[in-house]
1. I'd like to verify a number: residues in segment B:29-60 that are in contact with an Asp or Glu (Cβ under 7 Å, 6 or more places away or on another chain) and among the hydrophobic types (A, V, I, L, M, F, W, C), how many?
2. All but one of (1) modelled with pLDDT of 95 or more; (2) at the interface with another protein chain (Cβ under 9 Å from one of its Cβ atoms); (3) in contact with a helix residue (DSSP H, G or I) (Cβ under 8 Å, 6 or more places away or on another chain) hold for A:T77; state the number of the condition that does not hold.
3. For the structure I just gave you, tell me whether C:A330 is at pLDDT 95 or above, under 19 Å from the mean Cα position of the chain (by Cα) and more than 25 Å from C:E51 (Cα to Cα).
4. Name the single residue, out of those in segment B:133-157 being away from chain C (no Cβ under 14 Å), at pLDDT 95 or above and part of a loop (DSSP other than H, G, I, E, B), that is farthest from the chain's Cα centre (by Cα).
5. For residues in segment B:256-284 being among the charged types (D, E, K, R) and at pLDDT 95 or above, which is surrounded by the most Cβ atoms within 10 Å (Cβ to Cβ)?
6. With the structure loaded, tell me whether A:L289 is under 23 Å from A:T31 (Cα atoms) and at pLDDT 95 or above or whether it fails that test.
7. Of all residues in segment C:53-71, how many are modelled with pLDDT of 95 or more and facing chain B (nearest Cβ under 8 Å)?
8. Conditions: (1) at pLDDT below 95; (2) under 19 Å from C:G321 (Cα atoms). C:P10 meets all but one. Number of the miss?
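The values are calculated or read from the model by the stated rules, or taken from the named source; none is laboratory data. Being a predicted model, the structure only gives us computed values, none of them experimental. So basically every Cβ, Gly included, is an ideal-geometry build from the backbone, and we count neighbours across all protein chains shown.
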Amino acid sequence: MSPDQAVVEPTADASRDASPVAWPHRHLLETDVLTWPQIVRVMDLAEEMREIFERRRPRSDALKGVGVTNLFYEASTRTRVSFEVAAKHLSADVVNVSAGGSSIEKGESLLDTMRTLEALGARVLVIRHAVSGAPYLVAREFRGSVINAGDGRHAHPTQALLDLYTLRRHMPGGSLEGRKVVILGDVLHSRVARSNLWTLTAAGADVWICGPATLLRGFEAWATAGVAGARRFTVTSDVRAALRDADAVMALRLQHERMAAGLLPSVHEYAARFGLTTERLADAAPGCLVMHPGPMNEGVEIAPDVANGPRSLITEQVANGVPIRMAVLALCTRAAAG
Amino acid sequence: MSPDQAVVEPTADASRDASPVAWPHRHLLETDVLTWPQIVRVMDLAEEMREIFERRRPRSDALKGVGVTNLFYEASTRTRVSFEVAAKHLSADVVNVSAGGSSIEKGESLLDTMRTLEALGARVLVIRHAVSGAPYLVAREFRGSVINAGDGRHAHPTQALLDLYTLRRHMPGGSLEGRKVVILGDVLHSRVARSNLWTLTAAGADVWICGPATLLRGFEAWATAGVAGARRFTVTSDVRAALRDADAVMALRLQHERMAAGLLPSVHEYAARFGLTTERLADAAPGCLVMHPGPMNEGVEIAPDVANGPRSLITEQVANGVPIRMAVLALCTRAAAG
Amino acid sequence: MSPDQAVVEPTADASRDASPVAWPHRHLLETDVLTWPQIVRVMDLAEEMREIFERRRPRSDALKGVGVTNLFYEASTRTRVSFEVAAKHLSADVVNVSAGGSSIEKGESLLDTMRTLEALGARVLVIRHAVSGAPYLVAREFRGSVINAGDGRHAHPTQALLDLYTLRRHMPGGSLEGRKVVILGDVLHSRVARSNLWTLTAAGADVWICGPATLLRGFEAWATAGVAGARRFTVTSDVRAALRDADAVMALRLQHERMAAGLLPSVHEYAARFGLTTERLADAAPGCLVMHPGPMNEGVEIAPDVANGPRSLITEQVANGVPIRMAVLALCTRAAAG
């Protein structure tokens, strides 16, 4: 008996979860298609996948012989590597394609590129694209599974799922019910904020979004209508009010392009008014958790001592992304297989 | 017995074909070294490799422990990924090296790069280079196999083989004998056209090449002399004559650089006069097949409805590239092993 | 019994060397931490690893399940591929991250990138960086092993180890004791020269460094003090004196940036005065060995006929890099595991 066999029972393969909750989603393009039981199913499966990632169980064969292609039109170390590592832990055949160094540069259309990659054996297409909605266009014609790894300012569903997973692991009882969670920063341009609004409100959290008024445009109306027409959240530019008694704060990356667009006077001004500092966190609940989807501009949207302090879950978020993506890959490919 | 074992007999490994046709080619630099029986041998072996690619048979061990390095001085998603997937299905160890992000930028000579990659374990070098003939230079000194993945305007042998394979699968009886095949567009700068002229005429097709006179220079003389000094083909700038009763048309990519070089008045003009449209195809034989080596400029050399229409084999060409490259890799490495 | 098992005895796994020499180094950042017995241990283990690289033994499982990430902020085909191939021969899970096409471009700090890669499963970080000392910064916080693959003008320890390994294989008796070894060229900016000074003097070689005075600044003082405060070497701009009776010469790459910085009048002038030519080698000992860390500027620091001549070990250096890196990876990861 090899050491690997000794560790695991045949029935314990994390990929063969027998959850009674149906997962009809061949693609994962946004969190808004997920019911709360489906969200919980991802969380539960990720908890098992975690044991594979942490080498406490051997690699799964869930995606053996399945071609996974990472098609990244925007650069991203963490997301690309996270999906690559996740897919390899499920024994998938991974191919990386990035906009630099590919015929994408020759102006081939997105759909032609999709068809090419499909013909070359891709059964899962993990796509990041600067244009909101691009993965939907691809998913309409792709025969396998499309996973949105971030599209424009629209959505980043696996990020929201890993954020929720990370928060639940640190909340007593694993529940966000009634917990105050603040999303702080450039909400307007953030796909991370949009995807999180769905999952956090679904989890019953008291969600506040906070930033300069120019970077919150349109969210007032949504907050009043409620997510899914029901789940209210709060919009404010008052950082103190937002952080008061907060159980968790997610700082968002400030893109320097925003200054050029005239939405902000200066980075310095932004940091002074909205940067997440130890002083500002003094008003939050004791042990308030700090998160950031990365990459960070330390000293701008978040102070270095906060980013690297004891309340920070930022590195843990990165680590949790792998089992979450393993769970999503396993569920979607199974749905695609029928 | 595992599911894999159940599917395959030990003797059925696609890589162990026992064809009586000799394959003396350690390298594949151009189609012009291939006899017709050798071309057929590639086709037949590809048919078996196809079962591995389509997961109806398990991965072959034909290249197990063999280092395959993709050395791409020109960007190409489809060709690089195609070779990568092909090599992995034969269990090769694949390394990708592209001109961006490598010491190639430091001006190291091609031969030094080859020697370096050879010393690092490459036994097969798949090379794409903007300079015609570059793979020949490399093959003179490389101890393993060199596969030309496109060199300047000279040759693209695996493209021609996959084109032939694709055509034969769609011709009644699998034969091109007497079939009218048109290569339409910028023939002058096309390595695809050159490599196809050899294989298509060898297959007995009635080959026509068609494009603006400025993009056909020199081909009249070759047509008169004949491929291999014997196999005639037709050169014309008359699209109607070319397409009349055609059984298949290959549209070629129009490089935008051609305008700058003064060879063409404008892209618009080119599209109007030589673009492959439904109207133009009306003169062709019923069910005339449409091909393109990709990436396409839709709306220039080919209309979107033609590219995506029922006669189009464009996506199938991409898919067929993998088993063709598997066959070529298996044959050449076996020849190299002696 | 499988063919693999037939070849190797269980106790013969090259990764399980039972050397009595302690290897306390979790990281390898520079050669200056290595005692002579430790250097010899790397050489001996590399000799065994060589059998795996040359396919005379099957792949080792020494790094099975270990994530190795190549983090290259400077482009380098040979070093990146060398580490990639080395890690794969030890069954590691390899991820490549380069500065182009990654969020490194977004200005994320080096430490944040390190934490991200660690969270994504990296247990070994192979890092190349333009800033001298960068790997030290990373190693202070990384929980696994950091291997310096070249940092600024500071160090390139695996290059020095493979240089020594290559020299020892060609010296009668395998000893450099009393052998004259010349390092020729831009010593000032060379991490290769610095790392080699430690190992070559430790091996007892009579080391001479030679180049234009502007490219030797500061080395006189070091030569007088001696490496490790004891091991003297010679500094000169007199090429004839340096090459006279030399047993080996390492030519260094001349960066074209040096001209712009005013350190050299012209490339032509440099080649004429310091280029390694057959004429200059006439004064060396018979059979004097020629080396270069690559990539070469042929015709500048080294003449093409010398680079490709019978005395040249340049390609062998590249090949030897793989087993050396296998040995270093195996030793450091074992030290990290405690």
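1. Within segment B:29-60, residues that are in contact with an Asp or Glu (Cβ under 7 Å, 6 or more places away or on another chain) and among the hydrophobic types (A, V, I, L, M, F, W, C) number 1.
2. (1)
3. Working: at pLDDT 95 or above: yes; under 19 Å from the mean Cα position of the chain (by Cα): yes; more than 25 Å from C:E51 (Cα to Cα): no.
No.
4. So, considering only residues that are away from chain C (no Cβ under 14 Å), at pLDDT 95 or above and part of a loop (DSSP other than H, G, I, E, B), the one farthest from the chain's Cα centre (by Cα) is B:G133.
5. At the first step, the residues of segment B:256-284 found to be among the charged types (D, E, K, R) are B:257-258, B:269, B:273, B:279-280, B:283.
With at pLDDT 95 or above added as a condition, the list becomes B:273, B:279-280, B:283.
Working: B:R273: 13, B:E279: 10, B:R280: 19, B:D283: 15.
Selected residue: B:R280.
6. Details: under 23 Å from A:T31 (Cα atoms): yes; at pLDDT 95 or above: yes.
So A:L289 passes the test.
7. Adding up the residues that qualify gives 1.
8. (2)
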